[in-house]
Amino acid sequence: MRTLRKKSKPHRKQVFAAAAALTALLLFSVTVTVYAVSSRTVLILDDGAQTSLTTTKSDVYDILRIANVTIGNDDYIDLTNYASEGDCVIRIYRAKRVWLVDENGPRQMTGAGWVGRLLEQQGVTLGERDKLSHDPNERLEAGMEVVVSRAFDVALRDYGREYSLTLTEGTVAHALALCGLALEGEDFVEPGLTQALAPGVTIKISRVAWKERRATLAIDFERETKKSGTMDLGMEKIEQKGEKGEKETVFSDKYINGARVDSVVLSETILRQPVKEIKTIGTRVQRLAAGATPISTLTPPDTLEIVDGVPTRYLASYTGVAKAYHGDPGVASGLGKPVPGYVAVDPKQFPYGTKLWIVSNDGRYVYGYSIAADTGGFVAMNACMIDLYMPSEAMCEQWGARGVTVYVLDEPRMQTPYGG
């Protein structure tokens, strides 16, 4: 045991010396390591300027304070390439006054960074086909105008063909070019070629074409009327029958989208000349038979004066065919029992209640004083001018259909159930 104690003293000294040396070495190593980790280079990019500094700081704002860089409320610090250890970059975007133009109109605002960030801040999103005036990564510059052009659909119609385009801008001419369409000759487009496109615009192309056409057409004949004093008034005779001619006409027809809208005559060739119609009408008024008694039983007014069967005062006279009837209870409805003198008329020619004087053109009969009292079925058939009520069937057969002259008297109209 004693031997062991003697040998232990020098061993402890060696251990203590070695420990002290190791401690010193560790302290030196730690100091060097700490210095190497904490000291780094930070590059500050401030718009167009840059600053580089070596620092042990890890807080961004401490670093900027050391570099004497101040940040405004609207400035933007981009820490994309920043790290708390090692070399790194701090990028600063200064606030700029810029314009943003979209469907809400132009508005000025403050923005910092790049175009895409401005849109994000303003809540503006782009559709797949919308157009942006600048690259989304482009830096904002003072006074920059960022324009968002929204895509819209344009319909184009070309004579039965339909096209659909999605555009953000352009004119009608631009739309036609995109579809490979062109105007030729007299073709036209609505709106016009220079019209700026906008949402809801429909472009319509109208195609114009001219085509030649030949047609055989009728030529109307002329009508000549001669008067004869040897024929009774109201009588007429066709001396020469009229015949239509014929001609070949060459047209140039204008078509718009397949529909003919106009024609121009290029030439005409007469194939057959027309034949004139010649008609003779009678003008002779025969004297009434001596002592001719009016058929009408109505009492004429005291003011009515008749000379040679014609009133001395009347407003107008008409010649035409008169027919006769008897026993029709519908005639002169409301005027009492039908009597000779009540006549059926076309009220467009002789209004109800009109007072008349009627004589035959052959001078054989005087129907006399009459009143337009009813409308006969002849009006729809255009069978005659007036229908006269006769006292008997035999008288109707004797009268037949006869030419008459009807004088409209200058007397107040009589009130009838139909007017007057």
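Within the stretch 109-136, restricting attention to residues that are part of a strand (DSSP E or B) and surrounded by fewer than 16 Cβ atoms within 10 Å (Cβ to Cβ), the residue that is nearest to the chain's Cα centre (by Cα) is LYS131. Of all the listed residues (ALA196, ALA175, ALA151), the sole one being in contact with a Lys or Arg (Cβ under 7 Å, 6 or more places away or on another chain), without any contact (Cβ under 8 Å) to a residue 40 or more places away in the chain and hydrophobic (A, V, I, L, M, F, W, C) is ALA151.
Across the stretch 191-217, the number of residues qualifying as loosely packed, with under 12 Cβ neighbours inside 10 Å and either of a type in the set (A, V, I, L, M) or in contact with a strand residue (DSSP E or B) (Cβ under 7 Å, 6 or more places away or on another chain) (or both) comes to 10. When the stretch 399-414 is filtered for residues that are out of contact with any Phe, Trp or Tyr (no Cβ under 9 Å at 6 or more places or on another chain) and either open to solvent by 80 Å² or more (accessible area, probe 1.4 Å) or at negative phi (or both), the ones remaining, listed by number, are ALA401, GLY403, GLU411, PRO412. Restricted to the stretch 137-155, and to residues there that are under 42 Å from the mean Cα position of the chain (by Cα) and assigned to a loop (DSSP other than H, G, I, E, B), the residue that is nearest to CYS179 (Cα to Cα) is ALA151. With the condition being among the aliphatic types (A, V, I, L, M), I'd like the strands (runs of 3 or more DSSP E) fully within the stretch 164-259 carrying at least 3 qualifying residues. The strands (runs of 3 or more DSSP E) meeting that bar are 208-219. Determine if the stretch 89-108 includes at least one residue that is under 22 Å from SER149 (Cα atoms), of a type in the set (S, T, N, Q), part of a strand (DSSP E or B) and open to solvent by less than 70 Å² (accessible area, probe 1.4 Å). Checking the stretch 89-108: not a single residue is under 22 Å from SER149 (Cα atoms), of a type in the set (S, T, N, Q), part of a strand (DSSP E or B) and open to solvent by less than 70 Å² (accessible area, probe 1.4 Å).
Go through the stretch 339-358 and give me each residue that's part of a loop (DSSP other than H, G, I, E, B) and either open to solvent by less than 10 Å² (accessible area, probe 1.4 Å) or polar (S, T, N, Q) (or both). Step through it out loud before you land on a result.
Of the stretch 339-358, the ones part of a loop (DSSP other than H, G, I, E, B) are 339-341, 345-354.
If the condition is that a residue be part of a loop (DSSP other than H, G, I, E, B) and either open to solvent by less than 10 Å² (accessible area, probe 1.4 Å) or polar (S, T, N, Q) (or both), then GLY341, VAL345, GLN349, PHE350, GLY353, THR354 are the ones that fit.
The values are calculated or read from the model by the stated rules, or taken from the named source; none is laboratory data. Note that the coordinates shown come from a computational prediction; the quantities given were computed from them, not determined experimentally. No Cβ is skipped: glycine too gets one built from the backbone with ideal geometry, and neighbour counts run over all protein chains shown. All accessible areas refer to the heavy atoms of the entire protein, side chains included, with ligands and DNA or RNA removed. Shrake-Rupley method; radii C 1.70, N 1.55, O 1.52, S 1.80 Å.
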